[in-house]
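Report on one structure; see the data block that follows.
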Amino acid sequence: MMEGTATETAAAGEMAPATRALLSRILDPEAPLQLRMTAARGVLPLPPAILLKVLISLLQDREGSVVEEAVQSLKEFESDLSRLSEILVDRSTDPEVLDYFGRHAAGEGRVEILCMVVENPGTPEKTMAELSSKAADEVLEKIFLNESRLSENPDLLVALKSNPNLSPRQSKRIEEISVHLVRTVTPEPVVPPAPAVSVASEAEPETIVAEEPLPVETETLPQDLVRAQAEEEDREEEFQDDSGPALDRIQRMSVPEKLQLALVGDREERMILIRDSSKMVASTALKSPKMTDKDIATVAALRNVDVEILRGISRIKKWLKNYAVAHALVENPKTPGGIAITLLSRLQTKDLKILAGNRNVPEVVRRGAKRIYTARTQPPKKLRGKH
């Protein structure tokens, strides 16, 4: 039997000194055979996530009997899927553990395990690339659901393109992401490269311009677009004035002073600090307990904040429940495409219509808005009866 509870699994990332010392002894190349054998049998008092790391390490042990015991213990772990799943979905799980179960499950066709591994953001990119080149059906769909990860890792797109199990729809989706989100992946020669700046580079979001507008009835949108763009400009201009005593005072501060002010400062000070060149200062301002939903919506619309601030906003469910925040993130061309796309379904139909004709956002986002808008407004097809 292998000891451990779900609570211990969740706390595995915060290792107690005694646990750390025991782990160090086991993994020492000079550790006694009896200790290594006991560990391989899975009977040491270690949290499950750490025990798995030990067992995987012992697969390389110089003693064949230790390796055999470690293999058997790992099989016991695999047989208890509910227990194993708690570890594989945990973002703090050691990448080596995710790599092992990803490769092992791929060899044995364990779809349920593969799905958990590819969905975990902690899975190493090398492992993801290998799995992406061979995945099929449900696992392949899970990989495509995380467009943010695909857009930031060109190697995954390359691996997917080599996968013989791709459907025509998936192949087309790869080309769309390659053209509009990732600069380093070249589309097929017959498709001219879009002049848009990729989301992966995110260097100059203001230069994102699509080559062709979407086939939306844009002649019916000008007034809506003018109104929407005016509101966006109002939010931008609210904090465009970089002059004033507050800015002068903050510029003379040291980083520790800025960090303290980021937590206790007023709204004007926080909005200056959230655009600070120091990511630590900007991140601290975002986490200030004084931040209101209105403040977050304002920040989500700003184009002169670090992209990590926008990512940080997208990770907080409480903020995303606020419609103004989700809407601002989608409309902001600096928001990573994968994040914007996942928020499209939350937008109201009228805003999707406006977004579908907004050339300031990446085309992949406009296309997504167009698809959802069409799906919501297209009348249902009538079934013809047999005569």
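Would you kindly identify the helices (runs of 4 or more DSSP H) lying entirely within region 278-387 that contain at least 1 residues that are within 28 Å of residue 157 (Cα to Cα) and within 20 Å of the chain's Cα centre (by Cα)? Please lay out each step first, then the result.
Numbers: elements: 279-286, 293-301, 307-314, 317-320, 323-331, 337-343, 349-356, 363-377.
In region 278-387, 307-314, 323-331, 337-343, 363-377 are the helices (runs of 4 or more DSSP H) which contain 1 or more residues that are within 28 Å of residue 157 (Cα to Cα) and within 20 Å of the chain's Cα centre (by Cα).
Check off (1) touching a residue at least 24 places away in the same chain (Cβ under 8 Å); (2) surrounded by 20 or more Cβ atoms within 10 Å (Cβ to Cβ) for residue 324 and give me the number that stays unchecked.
Here residue 324 clears every test but (2).
Hey, can you tell me all the residues within region 97-144 that are without any contact (Cβ under 8 Å) to a residue 12 or more places away in the chain and in a loop (DSSP other than H, G, I, E, B)?
Scanning region 97-144 gives a single hit, 109.
Considering 298, 292, 220, which residue is surrounded by fewer than 15 Cβ atoms within 10 Å (Cβ to Cβ), of a type in the set (S, T, N, Q) and at pLDDT 90 or above?
Working: 298 fails: surrounded by fewer than 15 Cβ atoms within 10 Å (Cβ to Cβ); 220 fails: at pLDDT 90 or above.
Result of the check over 298, 292, 220: 292.
Picking from 6, 10, 18, which residue would you name as being surrounded by fewer than 15 Cβ atoms within 10 Å (Cβ to Cβ), modelled with pLDDT under 80 and within 16 Å of residue 88 (Cβ to Cβ)?
Result of the check over 6, 10, 18: 6.
From 281, 299, grab the single residue that is in contact (Cβ under 8 Å) with a residue 12 or more places away in the chain and under 16 Å from residue 319 (Cβ atoms).
299
Of the residues 53, 142, which single one is closer than 18 Å to residue 160 by Cβ and either in contact with a helix residue (DSSP H, G or I) (Cβ under 6 Å, 6 or more places away or on another chain) or at pLDDT 90 or above (or both)?
Details: 53 fails: closer than 18 Å to residue 160 by Cβ.
When all the criteria are applied, what remains is 142.
Could you check region 255-271 and list, in sequence order, the residues that are part of a helix (DSSP H, G or I), modelled with pLDDT of 90 or more and either surrounded by fewer than 20 Cβ atoms within 10 Å (Cβ to Cβ) or touching a Phe, Trp or Tyr at 6+ places or on another chain (Cβ under 8 Å) (or both)?
267, 268, 271
Name the single residue that is farthest from residue 94 (Cα to Cα) among those in region 32-62 being of a type in the set (A, V, I, L, M) and surrounded by fewer than 17 Cβ atoms within 10 Å (Cβ to Cβ).
33
The values are calculated or read from the model by the stated rules, or taken from the named source; none is laboratory data. In this text, all values refer to a predicted model and were calculated from it rather than measured experimentally. All Cβ positions, even for glycine, are placed from backbone atoms using ideal geometry, and neighbour counts span all protein chains on display.
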